[in-house]
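*Asks:* Encoded as structure tokens, here's the structure I'll be asking about.
The values are calculated or read from the model by the stated rules, or taken from the named source; none is laboratory data. Predicted model only: the values in this text are computed from it and were never measured. Every residue, glycine as well, gets a Cβ built from its backbone with ideal geometry; the counts of neighbours run over all protein chains shown.
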Amino acid sequence: MDKNRYNIRHLARIIVEVATPLAIGSGEKDIETDAQIIRDVNDLPFIPATAIAGVIRHAMGQTDKNSPTWGFQEKDSDNGEGSKVMFTNANIVDGNGNVIDGLLMPTAKSEFLKNYKRLPVRQHARIGHKGATEKRGKFDEEVCFKGTRFCFEMEMVDKSDEKNKDGINIGDFFDIIDEITEKPLRIGGGTRKGFGLLSIVSCKTLSLNLNDKESLCKYISKTSSLEYSDFWNSAAERTIKNNPAGNFVEYKLTLSPECFFLFGSGRGDNDADMTPVAESIVEWKGIKGEFKHNYMLIPATSVKGALSHRVAYHYNRLTGIFAEQIDNPKEYVGKANDAVCMLFGNENAGDSGRGIVGNVIISDVIEKKTEQKILNHVAIDRFTGGAIDGALFSEKVSDGRGRMFELSILVDKDKVDKLIEAKKDNDANFDGAKVYEALECALDNICKGMLPLGGGVNRGNGVFTGDCKKINH
């Protein structure tokens with residue numbers, strides 16, 4: 001018996017906080033939403049271990065099939081090896097800082113956990129080049145509250161505490177830990193529209209040599225339940241260096257509304273037919289969490305849609321493509337536009353129709369509620385001068401005058417540059433600089449009030465002014 005075979009166990013316990021709303025889909029839908037998030041046996045949101053493993057492996061650059069660390073299986077062969085790295089599911093942390101693991105009776109749920117019975121539903125509409133919703137472009141999805149905390153554990157097996165012939169060593173384990181604690185980690189669906197950014201709250205690590213009797217007994221006594229944390233009392237606390245921007249180029253917009261703005265909820269209330277969207281968030285003071293309700297929301301999707309349309313306009317302008325000179329506008333807008341495709345992605349434009357992921361990430365703005373006003377509207381019959389029957393409606397708008405909002409837009413310049421170079425291989429006259437110029441012109445339009453955001457922009461809503469700073473991280 002080889003006493004030294006995989007005698008080392010590297011362990012970590014990590015608590016993450018959802019910095020932007022999380023959307024890990026279950027593949028199911030119900031009467032309220034087209035896409036429900038995944039829930040555990042207690043009907044609480046959780047993050048599957050497979051999602052964590054996949055995202056971290058990709059972040060580590062371990063996307064090749066034959067990885068000695070992450071395992072492999074050769075096709076039509078018995079040659080293969082399991083992963084050296086193992087993850088648990090990430091279970092929710094309650095308002096007292098306790099991890100919920102195992103079956104919880106419905107009557108035992110705290111008031112904090114009861115908030116997860118009904119989650120926010122985000123409304124989406126895909127707008128065409130004519131400014132109207134495209135066919136089959138209306139959908140919605142469920143998301144998990146910003147500020148929710150989850151806890152998971154990971155383990156890595158090793159042969160010794162020194163580098164060995166297989167290339168597995170303690171350095172590999174801490175490379176993974178550094179990737180988690182120092183670089184941005186996004187998980188789930190909709191990461192390109194701001195969802196799924198995780199902020200590391202705590203990371204404890206411990207390495208045990210199972211050839212040592214005391215360490216072996218300690219390892220055997222460890223429970224698989226995330227609920228019990230006494231095992232980690234002697235573990236080392238890692239330094240956290242959360243950097244949500246990573247190596248991206250960041251455009252930081254500081255905006256102030258000129259007057260009213262409206263990002264609609266899709267619902268009315270007792271006062272108006274149209275109301276602003278609002279969400280609840282979780283705020284933490286140490287290990288104590290508390291829900292804060294009715295926060296104002298500027299959805300990243302609303303900003304992204306308006307921005308992509310304006311990028312297409314500026315790119316066409318810069319490349320000399322004008323409406324009176326073309327027969328089919330659809331060939332130069334949306335996913336058919338080179339700048340939009342490279343910046344915002346295209347589901348069927350890559351090699352073999354596999355698609356191109358978006359390289360622009362915009363995060364939601366979730367702030368304390370602003371004052372609101374009710375505006376009444378009526379359509380007038382041009383012949384009689386009276387109100388048209390059924391055309392009276394009202395909207396409740398946000399009055400954010402005097403408030404400042406900060407909007408972060410991240411661009412993965414390395415990936416955009418690669419797409420530009422690939423395009424140049426087929427078209428030597430292609431000017432990639434115009435892609436970035438079109439984006440910066442569109443951002444400048446927002447800051448100068450020339451690109452209003454949200455709903456009702458044709459009646460004066462959504463005009464913001466401010467400045468934009470470019471930061472190279």
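*Asks:* Does region 371-378 contain any residue that is over 23 Å from residue 434 (Cα atoms), at pLDDT 85 or above and in contact with a helix residue (DSSP H, G or I) (Cβ under 9 Å, 6 or more places away or on another chain)?
*Replies:* Yes: region 371-378 contains one or more residues that are over 23 Å from residue 434 (Cα atoms), at pLDDT 85 or above and in contact with a helix residue (DSSP H, G or I) (Cβ under 9 Å, 6 or more places away or on another chain).
*Asks:* For region 171-221: of the residues being among the small types (Gly, Ala, Ser) and touching a residue at least 40 places away in the same chain (Cβ under 8 Å), which is surrounded by the most Cβ atoms within 10 Å (Cβ to Cβ)?
*Replies:* Looking at residues that are among the small types (Gly, Ala, Ser) and touching a residue at least 40 places away in the same chain (Cβ under 8 Å), I get 196.
*Asks:* Taking the options 463, 435, name whichever one is out of contact with any Ser or Thr (no Cβ under 7 Å at 6 or more places or on another chain), closer than 25 Å to residue 365 by Cα and assigned by TED's automatic domain parsing to the domain that holds residue 379.
*Replies:* Working: 435 fails: closer than 25 Å to residue 365 by Cα.
Exactly one residue qualifies, and that residue is 463.
*Asks:* With respect to residue 471, is the statement that it is touching a strand residue (DSSP E or B) at 6+ places or on another chain (Cβ under 8 Å) and modelled with pLDDT of 95 or more true?
*Replies:* no
*Asks:* Show the residue pairs meeting these rules: Cβ distance below 8 Å; 6+ apart or different chains; first residue within region 393-407 and of a type in the set (Asp, Glu); second residue at pLDDT below 95 and outside any strand (DSSP E or B).
*Replies:* Qualifying pairs under 8 Å: 395/262; 395/272; 395/273; 395/275; 395/456; 399/259; 399/370.
*Asks:* Test residue 308 against the criterion of being touching a Phe, Trp or Tyr at 6+ places or on another chain (Cβ under 9 Å), in contact (Cβ under 8 Å) with a residue 12 or more places away in the chain and in a helix (DSSP H, G or I), and give yes or no.
*Replies:* Yes; evaluated as a whole, the condition is true for this residue.
*Asks:* Are any residues in region 409-466 of a type in the set (A, V, I, L, M, F, W, C), under 20 Å from residue 301 (Cα atoms) and assigned to a loop (DSSP other than H, G, I, E, B), and if so, which ones?
*Replies:* Passing the criteria: 450, 451, 453, 463.
*Asks:* Quick one: which of 248, 260 is of a type in the set (Phe, Trp, Tyr) and out of contact with any helix residue (DSSP H, G or I) (no Cβ under 8 Å at 6 or more places or on another chain)?
*Replies:* Unique residue meeting the criteria: 260.
*Asks:* Let me ask something else. For residue 137, which of the numbered conditions (1) within 20 Å of residue 41 (Cβ to Cβ); (2) touching a strand residue (DSSP E or B) at 6+ places or on another chain (Cβ under 6 Å) fails to hold?
*Replies:* Here residue 137 clears every test but (1).
*Asks:* Would you confirm, using the coordinates I've provided, whether residue 314 is surrounded by 18 or more Cβ atoms within 10 Å (Cβ to Cβ), out of contact with any helix residue (DSSP H, G or I) (no Cβ under 7 Å at 6 or more places or on another chain) and not assigned by TED's automatic domain parsing to the domain that holds residue 138?
*Replies:* no
*Asks:* Since residue 139 meets every condition but one in (1) out of contact with any Lys or Arg (no Cβ under 9 Å at 6 or more places or on another chain); (2) under 23 Å from residue 194 (Cα atoms), which condition does it not meet?
*Replies:* Among (1) out of contact with any Lys or Arg (no Cβ under 9 Å at 6 or more places or on another chain); (2) under 23 Å from residue 194 (Cα atoms), the lone unmet condition for residue 139 is (1).
*Asks:* Moving to a separate point now. Consider region 246-302. How many of its residues are within 30 Å of residue 95 (Cβ to Cβ), part of a loop (DSSP other than H, G, I, E, B) and of a type in the set (A, V, I, L, M)?
*Replies:* Residues meeting the conditions: 2.
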